[in-house]
Amino acid sequence: MLCEMCRKRLATNFVKINGSDTELCEVCAAKLNLYTPSVADFFDMIFELEDYMDSRYEERVCPACGMRESQLIDGYKFGCSKCYDVFADRAEEYFKELRGVEYRGRFASDASSRKRRYLKDATVADIPHLYSMLEYPAIKSDVAKTRLILNRIKELEGER
Amino acid sequence: MVSAHNTVISSRVRLARNINGLAFPAMLRGNEPKLKEFYAKTREICDSRFKNKFYTVNSLSQTQLSSLIENHLISPALCEKPFGGMIISDDRTISVMLNEEDHLREQCILGGYRLDEAYRTVESVDIALRSKLDIAFKLPYGHLTACPTNLGAGMRASVMMFLPAMAINHTIDLEIRKMHARGITLRGVYGEGSTADGFMYQISNQSAVGKSEEEILQKVKGEVARLCELEEQAQRSIKGLNIEDQIWRAYGLLRYAKKLCQKEFVDNVALVKLGVIYGMFDIDIDMLNRLINDTQKNTLSLNARRELNASERDIRRAEMINEKLKLYRI
């Protein structure tokens, strides 16, 4: 239906003028100061609100591989081994969902000996990795191991 | 203990591994210096362990890739990966996929029921690789993988089984559901949906999380033993004139048909194999199993050294089985 005033544009506003129903386009309605928000305006508002909410929430991103948290949630796949530290809470959640218990297989003991070797052989470049090792539950709960790692970090930081 | 000789076709163990400091394959850009180093080191280690050939996905034709998939040496997913590669042993028992879902998918596949041997073989390759590569590992998870369901041992143990009687009397459907609840997947090897062409099924562990390698092997072996027993019971229950009639018809078709499509071939060979188990024929079952592999679409073309069309393939398939069956006196 065309606007009853200009007869050019599509009528999108339904208003009462002098008691009778009149259909006007947005331009003519604005001229008469009778503008009422359309459905399209309502959706624009929703999108703006979403953008605003997004800007308030800073998404976590893995610095090593660039994986975003939303990518991880959507695809259910980690981007690199570092992601398991960056999104540690998500990893724990997935592990619990899979009814995971600590790995006790063929290479479990190799891993601990490798850590010991690693500590002795660690270089300045390994300092970030040593800090992340302090977050391992097995090390976190062990005061002696934590002290060993902290001492090594101190030594290496002295070499810098 | 029920013999698994005629029931188990092949045994396979694969391990999923990743490297620290290198993005998992889905996040790779291709210009990482560590990527080249990873390729070079992996090839060097494999060369020192077994005679092999190395290929990148881009260096092989679609027919060559499909033939490797048909022989269970690589996965269909690898062919979609831009930085994918594969190291395949000359005897085709060991394959190492590079940059599939994880950096490394090490696999050993052996004919017959040799799950422990397959594990020991792939484990020796894994030990060699982890001695030179910085394998991603973190407790309590174990080996870190792209998909959380592979965490821990990162291991899948699978056995390909021939279960004709259970498929014919439909007891397999109930077993598939029961096993799923116990963390075991049982599915058809060929064909789509729930029907398995040639009554061939693959049984494997669903998840490796929190389990040791030994526990996974024991679990799968326990289920294989159970299925062997159920299959034997089912074979006794369906034995009779009706099934014998079907088997003889299948034999006649394979012996004299001039054209056989893949499904018709696999289904009828399966019935003849059941006839061998019943003692109706003295035909080598391993030969029939090899023939199923060799007469698949892409493997046929590859062996003919040219692209065969559907009709040519059907003729070749019929010729191959006609010739083989001619050698056996019935």
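Descriptive notes on the structure:
- Residue in the range B:293-300 that is part of a loop (DSSP other than H, G, I, E, B) and surrounded by 13 or more Cβ atoms within 10 Å (Cβ to Cβ) present: yes
- Checked against the criterion of being hydrophobic (A, V, I, L, M, F, W, C), surrounded by fewer than 21 Cβ atoms within 10 Å (Cβ to Cβ), free of Cβ contacts under 8 Å to residues at least 12 places away in the same chain and more than 14 Å from chain A (Cβ to nearest Cβ), the range B:171-181 has at least one qualifying residue.
- If the condition is being over 24 Å from B:Thr149 (Cα atoms), polar (S, T, N, Q) and part of a strand (DSSP E or B), then the range B:84-110 contributes only B:Ser89.
- Test for A:Ala144: is it at pLDDT 80 or above and assigned to a helix (DSSP H, G or I): yes
- For the range B:125-148, the criterion of being of a type in the set (S, T, N, Q) and within 21 Å of the chain's Cα centre (by Cα) is met by no residue.
- Annotation note: of A:Tyr84, A:Tyr94, the sole residue that is out of contact with any Lys or Arg (no Cβ under 8 Å at 6 or more places or on another chain), at pLDDT 90 or above, among the hydroxyl-bearing types (Ser, Thr, Tyr) and part of a helix (DSSP H, G or I) is A:Tyr94.
- All of (1) within 20 Å of B:Leu78 (Cβ to Cβ); (2) of a type in the set (Ser, Thr, Tyr); (3) not in a helix (DSSP H, G or I) hold for B:Tyr39 with one exception: (3).
- Pick from the range B:1-31, criterion farther than 23 Å from B:Lys138 by Cα and free of Cβ contacts under 8 Å to residues at least 24 places away in the same chain, ranking: nearest to the other protein chains (Cβ to nearest Cβ): B:Arg29
- Residue count for the range B:111-166, restricted to those that are more than 30 Å from B:Val276 (Cα to Cα) and in a loop (DSSP other than H, G, I, E, B): 13
- Hey, B:Glu244 under 30 Å from B:Ser207 (Cα atoms) and either out of contact with any Asp or Glu (no Cβ under 9 Å at 6 or more places or on another chain) or at pLDDT below 95 (or both) or not: no
- Test: residue in the range B:218-226 that is more than 14 Å from every other protein chain (Cβ to nearest Cβ), part of a loop (DSSP other than H, G, I, E, B) and either surrounded by fewer than 20 Cβ atoms within 10 Å (Cβ to Cβ) or among the aromatic types (Phe, Trp, Tyr) (or both): no
- Residue in the range B:5-24 that is assigned to a helix (DSSP H, G or I), closer than 23 Å to B:Ser158 by Cβ, modelled with pLDDT under 95 and not polar (S, T, N, Q) present: no
- Lone qualifier among B:Lys258, B:Lys239 - being over 21 Å from B:Thr7 (Cβ atoms) and surrounded by fewer than 16 Cβ atoms within 10 Å (Cβ to Cβ): B:Lys258
The values are calculated or read from the model by the stated rules, or taken from the named source; none is laboratory data. Quick caveat: nothing in here was measured; it's all calculated off a predicted structure. No Cβ is skipped: glycine too gets one built from the backbone with ideal geometry, and neighbour counts run over all protein chains shown.
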